[in-house]
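Peer 1: Here you go, one structure.
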Amino acid sequence: MTTLVYGAYGYTGELIVEEARDRGLDIVVAGRNGTKTRGLATMVGADARVFDTDDAADHLDGVDALLNCAGPFARTYEPLVEACLDTETHYLDITGEFEVFEALAERDREAEKAGICLLPGAGFDVVPTDCLAGHLHERLPDATELRLGFDALSAVSGGTVASALEHASGGGKVRRDGRIVDVPVASAERTIDFGRGPRHAVTIPWGDVSTAYYTTGIENIEVYTPMPEGVARLLRVTAPAMGVLGVGPIKRGLQALARGLFDGPTEQQRGSDRAYVWGEATNGEETVVSRLETPEPYTLTVDAATTALSRFEDGTAPPGYHTPASAFDPNFVLELDDIEGFVDE
Ligand SMILES: NC(=O)c1ccc[n+]([C@@H]2O[C@H](COP(=O)([O-])OP(=O)(O)OC[C@H]3O[C@@H](n4cnc5c(N)ncnc54)[C@H](OP(=O)(O)O)[C@@H]3O)[C@@H](O)[C@H]2O)c1
């Protein structure tokens, strides 16, 4: 199986390309910048293809799967997915942007017809939380409410900050009665032990608000992350001003700034930092809680995306739109390095 990695010379793309090469996967390196794409291709001993996302369909000859690492994904997924549907090429990405998940879920039938798998979210967003959601659903099949969360204090890349800024003016999101609804930023708060003691946590508009519904069918979903009470209060007060981030030139300017300021975690941080994932499902009478401790988010992303490609190579690429846990199963996350297992309460 040949996989084309688009956005290959970005911080995360390059780590994935190197890992895929080390695992013996057949990779083509791709991106819009010719010099950077060819430079990386030479470094890893792979072929290079240089093209803009709009021209993708002309560059997927002999390619079985496209792994999109070019974020913000709201700006790249559409032409790449169109090209994958046209050329019957599997599509994977490492997005955490719930608009992208929702848009791809709507292409389910077309993907099934084309015989391809659409698998967004094959990174830290959303593999561990999605697999935990599937695991909780297996423990309590009639659950009606699901709360997920992660505690992952880690350095971030410029691309990650640019992707967060892309959606920063959108406010909060939760799922209620099956529908994604707008709520104020950090609208719900509670104390959660993600795995290293109680922390004050607030709701965030995370990808699982979309994906956990497709994995479990549970219609009420919230996602939490730790935030000190004072910061949460400040965020709520300043939320109306965040609308300014929706203004194109301001947003683009801050995104360019972010790319220069944030380098991503160092090799040492990627090797030593840990992340803590928590989930709770309830049917109103019974509540189950599970946790998962994982490697640093970028390390997990590289492992998860590469392992997903290996699973596709083994023939596990179910047609249609899929979340990680629905494409494989909730134990998929346990195949990744340095994860011991679900801890159930
Ligand atoms: N799932 C997860 O947990 C997870 C983990 C890591 C990263 N991510 C996401 O992955 C994305 C990339 O992160 P990163 O750290 O690799 O960022 P990065 O270093 O900024 O790399 C981004 C890459 O995407 C390309 N790109 C961006 N916009 C493009 C466009 N419109 N057309 C063509 N290419 C485009 C860039 O090329 P140019 O330099 O030519 O613009 C670059 O190659 C971000 O959205 C980030 O949030 C997710």
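Peer 1: Is it the case that the stretch 4-17 has a residue that's open to solvent by 10 Å² or more (accessible area, probe 1.4 Å), away from the ligand (no atom under 15 Å from the Cβ) and part of a helix (DSSP H, G or I)?
Peer 2: no
Peer 1: With the checklist (1) of a type in the set (A, V, I, L, M, F, W, C); (2) within 13 Å of the ligand (Cβ to nearest atom); (3) in contact (Cβ under 8 Å) with a residue 24 or more places away in the chain in hand, flag the one item Ile27 doesn't pass.
Peer 2: Failed condition: (2).
Peer 1: Can you pull out every residue in the stretch 286-345 that is surrounded by 15 or more Cβ atoms within 10 Å (Cβ to Cβ), farther than 17 Å from Glu19 by Cβ and acidic (Asp, Glu)?
Peer 2: Answer for the stretch 286-345, where residues must be surrounded by 15 or more Cβ atoms within 10 Å (Cβ to Cβ), farther than 17 Å from Glu19 by Cβ and acidic (Asp, Glu): Glu293, Asp329.
Peer 1: Can you spot a residue in the stretch 254-264 that is among the charged types (D, E, K, R), in a helix (DSSP H, G or I) and modelled with pLDDT under 95?
Peer 2: Among the residues of the stretch 254-264, at least one is among the charged types (D, E, K, R), in a helix (DSSP H, G or I) and modelled with pLDDT under 95, which makes the answer yes.
Peer 1: Can I ask one more? Among the residues of the stretch 98-127, write down those that are of a type outside the set (Gly, Ala, Ser), open to solvent by less than 10 Å² (accessible area, probe 1.4 Å) and under 8 Å from the mean Cα position of the chain (by Cα).
Peer 2: Pro120, Val126, Val127
Peer 1: So Gly279 fits all but one of (1) open to solvent by 60 Å² or more (accessible area, probe 1.4 Å); (2) in a strand (DSSP E or B); what number is the exception?
Peer 2: Of (1) open to solvent by 60 Å² or more (accessible area, probe 1.4 Å); (2) in a strand (DSSP E or B), only one is false for Gly279: (1).
Peer 1: Restricting the stretch 54-75 to residues that are part of a helix (DSSP H, G or I) and more than 12 Å from Tyr91 (Cβ to Cβ), which is nearest to the ligand (Cβ to nearest atom)?
Peer 2: Taking the stretch 54-75 and keeping what is part of a helix (DSSP H, G or I), we get 54-59, 73-75.
From what is left, the residues that are more than 12 Å from Tyr91 (Cβ to Cβ) are 54-55, 57-59, 74-75.
Working: Asp54: 9, Asp55: 11, Ala57: 15, Asp58: 15, His59: 12, Ala74: 9, Arg75: 5 Å.
Filtering first and then ranking leaves Arg75.
Peer 1: Only one residue in Thr76, Thr42, Thr87 is closer than 24 Å to Gly320 by Cβ, among the polar types (S, T, N, Q) and either in contact with an Asp or Glu (Cβ under 6 Å, 6 or more places away or on another chain) or without any contact (Cβ under 8 Å) to a residue 40 or more places away in the chain (or both), so which one is that? Reasoning before the result, please.
Peer 2: Numbers: Thr76 fails: either in contact with an Asp or Glu (Cβ under 6 Å, 6 or more places away or on another chain) or without any contact (Cβ under 8 Å) to a residue 40 or more places away in the chain (or both); Thr42 fails: closer than 24 Å to Gly320 by Cβ.
Within the list Thr76, Thr42, Thr87, the selection yields Thr87.
The values are calculated or read from the model by the stated rules, or taken from the named source; none is laboratory data. Being a predicted model, the structure only gives us computed values, none of them experimental. Neighbour counts are summed over all protein chains in view; Cβ atoms, including those assigned to glycine, are modelled from backbone coordinates with ideal geometry. Ligands, DNA and RNA are stripped out before the accessible areas are found, and what is left, the full protein with its side chains, is counted by its heavy atoms. Shrake-Rupley method; radii C 1.70, N 1.55, O 1.52, S 1.80 Å.
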